[in-house]
Amino acid sequence: MLPSGALSVTVLSLASLASAGTVTYNWDVTWVNAAPDGFSRPVIGINNQWPCPKIEATKGDTVVINLNNKLGNQTTGLHFHGINQINTVEMDGPSAFTQCPVPPGSSIQYKFLVDAAGTYWYHSHNMGQYPDGLRGPLIVHDPVDPYAGKYDEEVILTISDWYHSQTIPLMQAMLTPANGFRPPFPDSIIVNEGGDGRISFVKGKTYRVRIISFAAFASAFVHFDSHTMSVIMNDGSYIEKNSAYQLRVTPAQRYDVLISAIDRDRRNYPYLVALDVNKDFANDASVQWPHNFTGQLVMDKNQNFTTDVVNAFRPQDDSNFVPRDGGAAFGPVTKTLTMNFAFCTDQNGIGRACINGKTNIPQKVPTLYTAATCGNDNTNPTIYGAVNPFIVSSNDIVDIVINNRDDAIHPFHLHGHQFQVMDRPRSGTGDYPGRTNGFSKNPPMRDVVSVNGKSYAVLRFKADNPGVFLFHCHIEWHVEMGLTATIIESPELLRGKEFPVDHLNNCKLMNIPTEGNAAGNTVNPHRHYRLHHRSGRELHWVSTVATASSLPSC
Ligand SMILES: [Cu+2]
């Protein structure tokens, strides 16, 4: 019933202390049949295998992925989630923002430095494709791991909601006037892409469990019977050890936790991974979350396996985590980007997600290419079209204020940076009131934060990485509803930026212009300084949404 390549729980070899090198992967993206929950369906794999392989490197290495699109019927691309892409924003991966989609039969090379150790993942950032299976762990080992010696073995535990339908029909059904705002609901939960979740558990040993959520929608509660999780890392950042009974892992978040088999341990210990039953998601009476997974810490496979009973979910408040380096909040703040998120309806009556009243529509010209080719005009946000552009200057200390006016929790992710979580109050707090007295002095750093319902978060970063970086909800269905802002960081340093020939060739094959404003105009014959766009019915997985040629020329 399980795919032949299913992992049980992968035991990694510990990092070797080799000096910086290059790690190369040659990958064909291919359709594969798999049945991770017993239901067989086509999934997107690599080199005719699924689950997709992990990328494993050591801090300071250069990772090279030679990717060939052998899907035949879909474009593709990869994003390396949590990797900052210092000075290599063109390798970040989101289609229509930093590259063109890779058409069937074509290829692309990604080449980037892994500048920080941690637990990351890679996934397609092209037309909602990763719930179809194109995702995998990306582990960056640390030659000077501050927790070295505190654990004996490493295991990866990936968590995901899972769907029996492919993404494109799910999105087509979602983006109809009759649907309202309902995202597709998962059919099941899987760990390690269909693995049995059994972790060998030997008395006296401590395990570093790298928990990664590959989910498209549902957050997961994680609880181990009779064992606390000693959290040492959130996303790509070390924290001071924090003992947690339960964690709530949103889509795309990672937690590295230490779990010890102590002397009194003498049986198998179950652990529970449960998709969110939080009241934040219960505002629709038809929503149910029956999907739970029980894994096992296995001391003796001949003994009983039991289930883990959790009576109430009270996850640890991750906004109180303390960074391991004790890093103080950046400051003083020189730019505040206020983003009010609410669901909205477009002119076709289709449910969308809006930031400050506007939904994100991928444009004809990738935003980074516009920034590179529009000269001094690239500080003018209107040339970027309907991507919710925000301009920040080099060395700005930026606060993103995200006001979540929806009832549900939404996990927001920033590309290009780990941000400081300055403040993340509980549900029902309302919009950010402008006070800073609740801010952390030593805020935790991460790249995905769950923003509570009818509440806000304040996230801080230093604009030291020129590029075009997305800030978006990591519920993949909400990305497709337009819940993305585009941060254009240090545009003055992007002028004249050059791009690899293979990247540009994909644009050529896709008939996508690589210069000019969002509509591909370097000269605007109409001189209409009026921004309008089509949205809705012509969806961007069908064809690129054309932007009216009435943007300011550049
Ligand atoms: Cu969302």
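Within 10 Å of each residue's Cβ, count the other Cβ atoms and sort 509, 275, 67 from fewest upward.
Ascending number of Cβ neighbours within 10 Å: 509, 67, 275.
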Apply 1/(1 + (r/R0)^6) to the Cβ-Cβ distance of residue 198 and residue 165, taking R0 = 22 Å, and write down the FRET efficiency to the nearest 0.05.
0.15
Quick one: 308, 318, fewest Cβ neighbours within 10 Å first, how do they rank?
308, 318
Residue 405/residue 504 FRET efficiency (R0 51 Å; Cβ-Cβ; nearest 0.05)
0.80
Compute the acute angle (0 to 90°) between the alpha-carbon long axis of helix 501-510 and the principal axis of greatest extent of the alpha-carbon atoms of the chain; round to the nearest 10°.
70
Assuming R0 = 41 Å, what is the FRET efficiency of residue 179 and residue 62, from their Cβ-Cβ distance, to the nearest 0.05?
0.40
Take each of the peptides 474-482, 101-109, average the number of other beta-carbon atoms within 10 Å over its residues, and list them starting from the highest.
474-482, 101-109
Expressed in nm to one decimal, what extension gain is obtained for the pair residue 515 and residue 312 from 0.36 nm per residue of sequence separation less their Cα-Cα distance?
67.7 nm
Label-point gap, in nm, between residue 464 and residue 393 - each point 7 angstrom along Cα→Cβ:
1.9
For the ranges 182-193, 148-159, 210-221, what's the packing order if you count other beta-carbon atoms within 10 Å of each residue, average per peptide, and put the highest first?
210-221, 182-193, 148-159
Going 7 Å from the Cα of residue 329 in the Cα-to-Cβ direction, what parts of the range 414-445 have a backbone nitrogen less than 12 Å from that spot?
420-424, 434-444
Residue by residue through the range 315-329, what is 3J(HN,Hα) from phi via Karplus (6.51 cos²θ - 1.76 cosθ + 1.60, θ = phi - 60°)? Round to whole Hz and write x for glycine and proline.
x, 4, 7, 5, 6, 9, 4, 10, x, 4, 7, x, x, 7, 4
Across every pair of different alpha-carbon atoms, what Kirkwood hydrodynamic radius in Å does the chain reach?
23.7
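Which peptide among 456-468, 411-423 comes first, and what is the full order, when sorted by highest mean count of other Cβ atoms within 10 Å?
411-423, 456-468
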Here the Cα Rg-to-2.2 N^0.38 Å ratio for the range 335-510 is 1.06
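The numbers here are math on the coordinates, done by the rules we state, and not lab data. Here the structure is a predicted model, which means the values were calculated and not measured. When we count neighbours, we look across all protein chains shown, and the Cβ atoms used for this are built from the backbone with ideal geometry, even at glycine.
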